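The values are calculated or read from the model by the stated rules, or taken from the named source; none is laboratory data. As the structure is a computational prediction, the values presented were derived from the model and not from experiment. Positions of Cβ are generated from backbone atoms using ideal geometry, with glycine treated the same way; all protein chains shown enter the neighbour counts. Quick note on the areas: whole protein, heavy atoms, side chains included, nothing else; ligands and nucleic acids left out. Shrake-Rupley method; radii C 1.70, N 1.55, O 1.52, S 1.80 Å.
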Amino acid sequence: MNEDHLRPQLPEDGIKQKSVDQRAPLPGDPKCVICSRYGEYICDETDDDICSLECKQRLLRRLEAIPVSDECFYVRDDDDDAQLLRSRIEIDVKGGTVPPPALSFDSFGLPSMLRLNLETAGYRIPTPIQMQAIPAALTGKNLLVSASTGSGKTVSFLVPIVSRCASFRSEHPSVPKGLLAIVLTPTRELCIQVEEQAKMLGKGLPFKTALVVGGDPMSRQLYRIQQGVELIIATPGRLIDLLTKHDIELDHVTMFVLDEVDCLLQRGFRDQVMQIFRALSQPQVLLYSATISKEVEKVAASLSKDMIEVSVGEPNRPSKAVRQLTIWVETKRKKQKLFEILRSQNHYKPPAVVYVSSRIGADLLAEAITTVTGIRALSIHGEKLMKDRRDLMGLFLSGEVPVLVSTGILGRGVDLLGVRQVIVFDMPDTIEEYIHQIGRASRIGEEGTAILFVNEENRNLFPDLVAILKSYGAPIPRELSNFASMKGRNKKRRFGH
Ligand code: AMP
């Protein structure tokens, strides 16, 4: 049902009810500090420009969520104070010493232009991971950082990179312009997003970026690098390709970031990542992910002997802000169930992402959604051309297409602004992937929902899944708990001596 008539009348060029209804800003227009659409000054509490009542609510919730005293409070370099603050913001540091967390961007000693760019982006207060990871990374130490999805990880490694690159340029004017840092991520989409944020933070500073991903012509990427860029953001395969075919100066690369490190160290990527690492001369290594396994810890230790672990909240756990609803549904009834959800005013909360396990499945399901429910749906997966992927992400993020059916490529790291609903149609192969996928439903602690379809075919993951659902107090379907307890009994029989 169209609910437009229920909305209060809002002026055409003014504040909207919802962020997706607002237009893009024209050059020189004020921008919403939350979503960067056209904004106006309506928030007396913060003096910020805001596009819609929805974003105003978000801004106010965000400020309430982080308890900060009015004065700019800098923790003294005192172990007890630092520990107290760490426990208050649920930060844990292991394996070495790092500076205490700081509750304000002003405390990091950043270049003033970077400070201004953070403010312009609407980042008024660092998130907990930024409070600790930024000062730690600025000391040059190697870090293995885990924090839940959507917690502000990208900014926490980009701020030290931009700051270091800008300072290097002013301190070494005679060194020819060239590469100083590399960020690797597993997908093109994530690279694009990281580059957007890097550009925004580096505006007005001697800091240029290049995107090195498959799908775009390499000649253009190479040309840009040859003009002199400080940061390359790349997927491993394309970067190796570029480095083997062309002579790129790597001597001054002092920062190497692996975003979604657990994925980058899996078979397929690991050799490429190690090959790139070996070509560098002992850079600072920053490893990031929401899920860190023992295996990752081992490889991290092999990259550096003095790796310090920084974690926020409980690692390897879904964001608390995502409400999980698990539905037991047989495979042949899944489509029907999905259509029911999308037709239900109570359950469908667009924009929504539906995760499936195969490319062809994504195409077919998107088509079926549009045909059966009349809701516009598109599919995204690795076989689509880069340009098409960009275009359809644009349609989705602007609100024109409310449902996106995706394979795992949008499961990690990608910031799907505005998305508060994720439907896991096909349970992925690992519980870690599930955590990443449902994490798309929440950014910076804002609430979202994840609906998960399970049946007997997913039984390998039942013990982990039940443990997660239990610990969050999320409802567990009867069939799932029956299965899990049967498994438990079988185990006892097998090992019961
Ligand atoms: P990430 O975990 O890097 O995907 O970031 C999640 C979202 O938080 C992105 O939309 C960022 O733009 C946003 N963000 C990052 N840092 C801050 C901050 N300090 N204040 C408000 N929003 C932030």
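Scan region 115-126 and report the pairs whose first residue is over 14 Å from Leu59 (Cβ atoms) and whose second residue is within 6 Å of the ligand (Cβ to nearest atom) and open to solvent by 20 Å² or more (accessible area, probe 1.4 Å), with Cβ atoms within less than 7 Å and a gap of 6+ or a chain change.
As it stands, the answer is none, since no pair meets every condition given.
Testing Arg224 on (1) under 21 Å from Ala166 (Cβ atoms); (2) touching a helix residue (DSSP H, G or I) at 6+ places or on another chain (Cβ under 8 Å), one condition comes back false. Which one is that?
Tallying (1) under 21 Å from Ala166 (Cβ atoms); (2) touching a helix residue (DSSP H, G or I) at 6+ places or on another chain (Cβ under 8 Å), Arg224 fails exactly one: (2).
Go through region 293-307 and count every residue that is part of a loop (DSSP other than H, G, I, E, B) and either touching a residue at least 12 places away in the same chain (Cβ under 8 Å) or within 22 Å of the chain's Cα centre (by Cα) (or both).
Matching residues across region 293-307 total 3.
Of the numbered conditions (1) in contact with a helix residue (DSSP H, G or I) (Cβ under 9 Å, 6 or more places away or on another chain); (2) under 14 Å from Tyr355 (Cβ atoms); (3) part of a helix (DSSP H, G or I), Ala450 satisfies every one except a single condition; which is it?
With respect to (1) in contact with a helix residue (DSSP H, G or I) (Cβ under 9 Å, 6 or more places away or on another chain); (2) under 14 Å from Tyr355 (Cβ atoms); (3) part of a helix (DSSP H, G or I), Ala450 is out only on (3).
Anything in region 122-157 that is within 13 Å of the chain's Cα centre (by Cα) and either near the ligand (Cβ under 6 Å from one of its atoms) or over 15 Å from Pro101 (Cβ atoms) (or both)? List them, or say none.
Ser146, Ser148, Thr149, Gly150, Ser151, Gly152, Lys153, Thr154, Val155, Phe157
Run Leu222 past the list (1) under 24 Å from Ala121 (Cβ atoms); (2) in a helix (DSSP H, G or I) and report the number of the one that doesn't hold.
Of everything listed in (1) under 24 Å from Ala121 (Cβ atoms); (2) in a helix (DSSP H, G or I), Leu222 misses just condition (1).
Within region 94-198, which helices (runs of 4 or more DSSP H) (wholly inside it) include 3 or more residues that are β-branched (Val, Ile, Thr) and open to solvent by less than 10 Å² (accessible area, probe 1.4 Å)?
153-171
Here's a check for you: in region 431-466, which residue that is open to solvent by less than 40 Å² (accessible area, probe 1.4 Å) and of a type in the set (Lys, Arg) is farthest from Glu330 (Cα to Cα)?
Checked region 431-466; the qualifying residue farthest from Glu330 (Cα to Cα) is Arg443.
Table: residues versus (1) of a type in the set (Val, Ile, Thr); (2) in contact (Cβ under 8 Å) with a residue 40 or more places away in the chain.
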| residue | (1), (2) |
| --- | --- |
| Gly178 | no, yes |
| Pro186 | no, yes |
| Ile192 | yes, yes |
| Gln197 | no, yes |
| Ile233 | yes, yes |
| His252 | no, yes |
| Gln266 | no, no |
| Gln272 | no, no |
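On the given criteria, is Thr187 closer than 23 Å to Val422 by Cβ and more than 11 Å from the ligand (Cβ to nearest atom)?
Yes; evaluated as a whole, the condition is true for this residue.
Which of (1) in a strand (DSSP E or B); (2) in contact with a Gly (Cβ under 8 Å, 6 or more places away or on another chain) does Gly214 not meet, given it meets every other one?
(1)
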